[in-house]
Amino acid sequence: MAANNRRMSGKKGAQVGSGGQRRKGLEGKGPTPPAEMRKGHKKNRVANAKAKQLVRRPVARGRGGKSASELVVGRNPVVEALREGVPASTLYVQQFIDNDERVREALQLAAERGGINLMEAPRPELDRMTNGLNHQGLVLQVPPYEYAHPEDLVAAAHDEGADPLIVALDGVTDPRNLGAVVRSVSAFGGHGVVVPERRSAGMTAGAWKTSAGTAARTPVARATNLTRTLEACKKAGITVVGLAADGEVELGDLEALGGPVVIVVGSEGKGLSRLVGETCDHRVRIPMPGGAESLNAGVAAGIVLYEAARRRS
């Protein structure tokens, strides 16, 4: 009997359950990823080699009217940028990434748009690329924006047989305000936006998103010196109108908006800089019965552009 008990003591007892792992293993894993993302595939090896070369290569500074490349970092920002049509050259995806809905959508959007390289890169490469930011395995490279020259905006208006309608920004540093101005210029038939080369917002991914796609057809020009650019416009017969809370002329009384005009918008709070304000032919104020002290650049530009478009219709 004792021998029989010894034999029985080696027998396995109750088994621990799988915890649902077998059931999870039967679930689908979503659509098959592109060849560039499948480990062992020839295109995957080529993509990895290219990714290492691109990540280690320093980002070139724009010359001749170009900005620097920009990186959009993180799953939500990357998906939002792709949804809004922000220009992109490469989508970097971390190796062995947790393939959630945002990752799948980013890959799908990039594939549907076309012209966006898909590159798989190990996490250390993405960490170096983003200077340690929390990229969550997704990084989108935005190519340098190619700025127009201020004279190009005037020439484009003349080619259309129209009086130039241009907005210049003085000290506006929020890219979202720049994007809102670009959107308003497009909506009211303007010919472009001029920004200073220094101390000014540029055409970043944030500006592209706020412009709601209009930046693709509304040029932004960069001026080395905004004051000199405005003086050149005056010599070309274009009236320069600056917006100021203490302007001498009320918006509805300014007849000059019906002709060739550059509308200069300053930063919220500071307004126009001294030299730019002195260069303007007119300083106009927007009546605000509600008592607000100032409007942000995007709203102020939209109001004046509407008045200019109304006078031209």
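The values are calculated or read from the model by the stated rules, or taken from the named source; none is laboratory data. Note that the structure is a prediction, hence the values are computed from the model and not measured. Cβ placement follows ideal geometry from the backbone for every residue including glycine, while neighbour counts extend to all protein chains displayed. Keep in mind that these areas ignore ligands, DNA and RNA; they rest on the heavy atoms of the full protein, side chains included. Shrake-Rupley method; radii C 1.70, N 1.55, O 1.52, S 1.80 Å.
Key figures for this structure:
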quantity: Mean accessible surface per residue for region 188-313, computed with a 1.4 Å probe while every protein chain stays in place, in Å²; calculated: 48 Å²
quantity: Among beta bridges that DSSP assigns inside region 82-178, antiparallel share in %, nearest 5; calculated: 45 percent
quantity: Anisotropy class of region 249-301 from Cα gyration tensor, a/c 1.5 cut; calculated: oblate
quantity: DSSP-assigned coil residues among GluC sites (Glu not before Pro) in region 257-313, each with at most 13 further Cβ atoms within 10 Å; calculated: GLU293
quantity: Region 158-236 shape via C-alpha gyration tensor axes, a/c threshold 1.5; calculated: oblate
quantity: DSSP-assigned coil residues among trypsin sites (Lys or Arg not before Pro) in region 205-301, each with at most 16 further Cβ atoms within 10 Å; calculated: ARG217, LYS270
quantity: Nitroxide proxy distance, nm - points 7 Å out along Cα→Cβ at ALA309 and ASN134; calculated: 4.0 nm
quantity: Selection from LEU133, ALA180, LEU109 lying farthest towards where the dipole of region 104-189 points positive, charges on Cβ; calculated: LEU133
quantity: Distance (nanometres) between label positions extended 7 Å along Cα→Cβ at ARG228 and ARG123; calculated: 5.1 nm
quantity: Largest to smallest accessible area among THR130, THR173 [probe 1.4 Å]; calculated: THR173, THR130
quantity: DSSP-loop GluC sites (Glu not before Pro) across region 137-191, with at most 15 other Cβ within 10 angstrom; calculated: GLU160
